[in-house]
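Reviewing the structure listed below.
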């Protein structure tokens, strides 16, 4: 499926760990080995991207190992990263169903939109625009999950679920994103009503 590249999206590592490239590899490994979920995520990024941290070379399998350790602690950024590796087949056999599972874990930790935000979204005219930028984490996982439900990749095709996850993303990225009309054009009125109801009732899941 065509989304942003994984490692463009994971550039948020600089937000959580300033100066990552200047960290001695042993220090990053030390925190990761102690079970720090964000250090494990950062180390996964280092292996995935091939950052110059004491000679670390690009190694998707090693990246997956550290992402999984972090993801299993509930880190949504790592959960999304694991999903992307399975989605693209980097360091692991391509598996859309496994990708969808990890996207679900990350996407379920999203923010709850206000009713006014949802109403503003539904009132748009559906003109098409493309993403000019993307960010990592929960919202990207929600978008990826929407695409998978829309296209039937790793999950049964389900326009209602596709709408749910797409609507949650669109609320936060309203300046860059307005593809809802293209999806709605494929839906029945009953599906649209169900999808709006689910979206309004949606709440984040626990960090698992």
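Output the number of the condition that residue 197 fails; it satisfies all remaining conditions of (1) modelled with pLDDT of 85 or more; (2) part of a helix (DSSP H, G or I); (3) surrounded by 18 or more Cβ atoms within 10 Å (Cβ to Cβ).
Single failed check for residue 197: (3).
Taking the condition of being crowded, with 17+ Cβ neighbours inside 10 Å and part of a loop (DSSP other than H, G, I, E, B), how many residues in the range 154-169 meet it?
Residues that pass the stated criteria total 2.
Go through (1) part of a helix (DSSP H, G or I); (2) under 22 Å from residue 202 (Cα atoms) and name the single condition residue 109 misses.
It is condition (1) that residue 109 fails.
Filter the range 170-188 for residues that are assigned to a loop (DSSP other than H, G, I, E, B) and at pLDDT below 75; which is nearest to residue 107 (Cα to Cα)?
173
The values are calculated or read from the model by the stated rules, or taken from the named source; none is laboratory data. Values in this document were obtained by computation on a predicted structure and should not be read as measured data. Because the Cβ atoms are built from the backbone with ideal geometry, glycine has one as well, and the counts that use them run over all protein chains shown.
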